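A quick write-up on the structure given underneath.
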């Protein structure tokens, strides 16, 4: 009898093994190595600051580091392009934003469909954006800038984070309504636009709130913020709708991966990212840049995008914004 006992144990183990072995696609062992998280903007901007704190917190929940990779250029779309080439295993992710969504409407060479070519994991926040000038500029208000630009067509410049980006599209709508022609100078992110403004390369910047610390420090003057509400941080600065321009709400940005990611891995990432979203340290960064809580899970983010894209496409076509 004793001679057969090891065989019985082996047989029992063989029978039990399928019951406890991980199922294909199960995320119990995910992640078992560092995750690459692409930030498609230059280091030093508001997105970079927010994402670095977020990633540090999320890494604690995942048990693996998130290795951040700044890939500025191409209007913040390099992250999306890299996702098209990546394996859908959860180890390559990117910050995703409105510029990615509108890009296919601006070029015949677009290589993705925003609704089908990515796996949306979470929507996080959005950019407080507006127009700022140097503190020593002659313009004390938006109407003053518009009046001067109207009198000197094409002689006053503004920088933005790229052709077809959120603030460029806002300005492309505002300037014709004001009867104004300004020179647009595209950059690779708000870190570059703020440097250009402080260095005198442009007269104004239309961009996200990377300018906020400079406004607080008295180096810049904020003339208007986009949207229908004044920013809590800058209650004395008018919202652009106070000048008769209705341009909508802040579009959310978040994190996505390649299409075809397993549901269990998406759920694991979402769980960690949602915990990081509401960590006090991350909420403090959002408050610092006056970024709102625009949380959505991946399914809700995709549904929002499906509702929003037709209107975005119509604006691009009406303004005639082309990259080629």
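Points to keep in mind about this one:
Residue-wise test of (1) in contact (Cβ under 8 Å) with a residue 40 or more places away in the chain; (2) buried (at least 22 other Cβ atoms within 10 Å of the Cβ); (3) assigned by TED's automatic domain parsing to the domain that holds residue 281; (4) within 20 Å of residue 258 (Cα to Cα).
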residue	(1), (2), (3), (4)
52	no, no, yes, no
67	no, no, yes, yes
80	yes, yes, yes, yes
83	yes, yes, yes, yes
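- Looking across segment 86-112, the residues that are surrounded by fewer than 17 Cβ atoms within 10 Å (Cβ to Cβ) and modelled with pLDDT under 95 come down to 107, 108, 109, 110, 111.
- Residue that is more than 26 Å from residue 104 (Cα to Cα) and crowded, with 19+ Cβ neighbours inside 10 Å, where the choices are 180, 215: 180
- Leading residue by the ranking (nearest to residue 282 (Cα to Cα)) among those in segment 22-49 that are modelled with pLDDT of 95 or more and out of contact with any strand residue (DSSP E or B) (no Cβ under 7 Å at 6 or more places or on another chain): 31
- If the condition is being in contact with a strand residue (DSSP E or B) (Cβ under 8 Å, 6 or more places away or on another chain) and either buried (at least 18 other Cβ atoms within 10 Å of the Cβ) or farther than 30 Å from residue 32 by Cβ (or both), then segment 243-269 contributes 243, 250, 252, 253, 254, 255, 256, 257, 258, 261, 266, 269.
- Segment 145-174 - residue that is without any contact (Cβ under 8 Å) to a residue 12 or more places away in the chain and not in a loop (DSSP other than H, G, I, E, B) and, of those, surrounded by the most Cβ atoms within 10 Å (Cβ to Cβ): 148
- Here residue 124 does not fit the description of being at pLDDT 90 or above, crowded, with 24+ Cβ neighbours inside 10 Å, within 14 Å of the chain's Cα centre (by Cα) and closer than 18 Å to residue 42 by Cα.
- Search result, residues across segment 208-229 that are closer than 28 Å to residue 123 by Cα and touching a helix residue (DSSP H, G or I) at 6+ places or on another chain (Cβ under 8 Å): 208, 209, 210, 211, 212, 214, 222, 224, 225, 226, 227, 228
- Some residue of segment 314-321 being at pLDDT below 95, crowded, with 17+ Cβ neighbours inside 10 Å and assigned to a loop (DSSP other than H, G, I, E, B): yes
- Residue check, residue 223 at pLDDT 95 or above, in contact with a strand residue (DSSP E or B) (Cβ under 8 Å, 6 or more places away or on another chain) and at negative phi: yes
The values are calculated or read from the model by the stated rules, or taken from the named source; none is laboratory data. Keep in mind that what you see is a predicted model, and the values were worked out from it rather than measured. No Cβ is skipped: glycine too gets one built from the backbone with ideal geometry, and neighbour counts run over all protein chains shown.
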